[in-house]
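Please read the structure below before turning to the comments.
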Amino acid sequence: MSKPMVGRDTKLCMSLAARPGTFGSRFHNRLYDMLGLDFVYKAFTTTDLPAATGGIRALGIRGCAISMPFKEAVIPLLDGLEASAAAIDSVNTIVNDDGRLTGHNTDYSAVRALLEESGLAPDTPFLLRGSGGMAKAVAAALRDAGFTTGTIVARNADAGRALAATYDFAWRAEIGDEGAALLVNVTPLGMTGADADTLAFPPAMIEACAAAFDVVALPAETPFLKAAAAAGKQRITGTDVAKLQALEQFVLYTGVTPTPDQVDAAAAFARGETD
C-alpha cells in the first residue's frame, strides 16, 4: 500500500515541546507509510503557546502531541477535556474536530497499562521524582492502579506538595538517603542534552530497589536504566511509555488501529533500530 503524495487533502499532525524529539515524528510517519494514509507529522517548538494553539484550530491541523512545559498551560486554550485529562489537569494530546480542540492524556493510559503488565504488587512502596504534567499522569496512574504508599520528590515545594496532597502521597524536597522498592523518574535527568549523563537516583538507592521506571524515552537506555539493568532490576522504560501513548494518539488522529507487528516495527524505526 503506497502513501499518497503530499497534496491539498493531506492532513497534518504535529507536536509541541520545549525540546522537540524525533520519536513521535518517526513513529507516526512510519505508520502513515505502512498504512498508505494521507497524513504528515512534524515536530515544533514555540515561545508563543496561544498563537501556536490558535494555529492548530485555524489551519485545521488534525492533532497535536503536547510535551513539557506546555501540558498544563495549554488547558485554558482548549474547548474541552476528555475524562483522563480533566481528572489530572494535564494534556498531552489535542484532537481537532472541525475547529473544536479537545485535550486528552494518553500518558496516563500508557502508564496505567504498563503498571498492570509489570505485575508489581500495589503495596509496593515507590519514590517518584518530579512534579510536572507527566508526573501528574504517572502519580494518577499509580494511585488508580492501587499503589498507596509513595513519596513525591520535588524541589518545587508548591508543586510537590500539591501533587502529593492530590493523590494522598507523602512529599519531600530532596532525594535524601531513604529509597523505595519502586523508583520512578519523571524528570529530564538522563535525557539527551544537558542532563544526559545524570543519574536520576543515587547508585546505592538503585542497588537496593526492586524495580526502576524511567519515563525518559530518548535515549532508550538512560543512565538510570543502565544502572538498573546492571543491578538486575525489573525495568519499565520510557520507550515503552512512548510507544503506547503514541499508538493511542495515532488512533485518535486517524481512526485506524495498526496491528501489533506494525506498531512494533514503527517503534523500532522511531528508536533508530531499523532503516
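Rg over Rh for the chain works out to 0.97, using Cα positions for both radii and the Kirkwood form for Rh. Once you reduce region 229-243 and region 105-139 to the center of their Cα atoms, the two points are 13 Å from each other.
Rolling a 1.4 angstrom probe over the protein heavy atoms with all chains in place gives the chain an accessible area of 44 Å² per residue. Once the convex hull of all Cα atoms in region 118-261 is built, its volume per residue stands at 129 Å³. Toward the positive end of the charge dipole of the chain, with +1 on the Cβ of Lys and Arg and -1 on the Cβ of Asp and Glu, the farthest Cα among ALA43, MET205, LEU81 is that of ALA43.
State whether region 176-271 is rounded, prolate or oblate according to the following rule on the C-alpha gyration tensor (a ≥ b ≥ c being the square roots of its eigenvalues): a/c under 1.5 gives rounded; otherwise a/b larger than b/c gives prolate, and the remaining case gives oblate. Prolate. Basic side chains Lys and Arg get +1 at the Cβ, acidic Asp and Glu get -1 at the Cβ, and with that the dipole of the chain about its Cα centre reaches some 480 debye.
For region 1-119, a/c is not less than 1.5, where a ≥ b ≥ c are the root eigenvalues of the C-alpha gyration tensor, and a/b does not top b/c. That puts it in the oblate class. Taking the Cα centre of region 117-161 as origin and assigning +1 to Lys and Arg Cβ atoms and -1 to Asp and Glu Cβ atoms, the resulting dipole is close to 240 debye. The dipole here belongs to region 1-132: it is taken about the Cα centre, uses +1 on the Cβ of Lys and Arg and -1 on the Cβ of Asp and Glu, and is about 520 debye. Partners of LYS226 within straight-line reach, counting lysines whose Cα lies under 20 Å from its Cα and excluding those fewer than 8 residues away in the same chain: LYS243.
Please enumerate, by chain and number, the lysines with C-alpha under 16 Å from the C-alpha of LYS233, excluding those fewer than 8 residues away in the same chain. Hits, sequence-local ones excluded: zero. Summarising the label geometry, the points placed 7 Å from Cα in the beta-carbon direction at THR192 and ASP89 lie 3.3 nm from one another.
Lysine pairs in region 1-151 whose alpha-carbon atoms fall under 17 angstrom of each other, counting only those eight or more residues apart or on distinct chains, come to 4. Normalised by the number of residues in region 1-72, the mean separation of alpha-carbon contacts (under 8 Å, six or more apart) gives a relative contact order of 44 percent. With q set to 0.18, 0.25, 0.27 Å⁻¹, the log10 of I(q)/I(0) for region 82-123, from the Debye formula over equal scatterers at the Cα positions, is -0.58, -0.82, -0.88. Label separation (ALA208 vs THR259): 4.9 nm, computed from points 7 Å beyond Cα along the C-beta direction. In region 104-160, what percent of the accessible surface is made up of carbon and sulfur (1.4 Å probe, ligands and nucleic acids excluded)? Its accessible area is 46 percent carbon and sulfur atoms. Accessible surface of region 178-241, 1.4 Å probe: 57 percent of it comes from carbon and sulfur atoms. In percent, rounded to a whole number, the relative contact order of the chain is 16, using alpha-carbon pairs under 8 Å and six or more apart. Take the alpha carbon gyration tensor of region 32-77, find the square roots of its eigenvalues, order them as a ≥ b ≥ c, and report rounded if a/c is under 1.5; if not, report prolate when a/b exceeds b/c, else oblate. Taking the square roots of the gyration eigenvalues as a ≥ b ≥ c, region 32-77 is prolate.
LEU218 sits with roughly 90 Å² accessible to a 1.4 Å probe, with DNA, RNA and ligands left out of the calculation.
The values are calculated or read from the model by the stated rules, or taken from the named source; none is laboratory data. Note that the coordinates shown come from a computational prediction; the quantities given were computed from them, not determined experimentally. Backbone-built Cβ (ideal geometry, glycine too); neighbour counts: all protein chains shown. When the accessible area is computed, the model is the full protein with side chains, heavy atoms only, and any ligands, DNA or RNA have been set aside. Shrake-Rupley method; radii C 1.70, N 1.55, O 1.52, S 1.80 Å.
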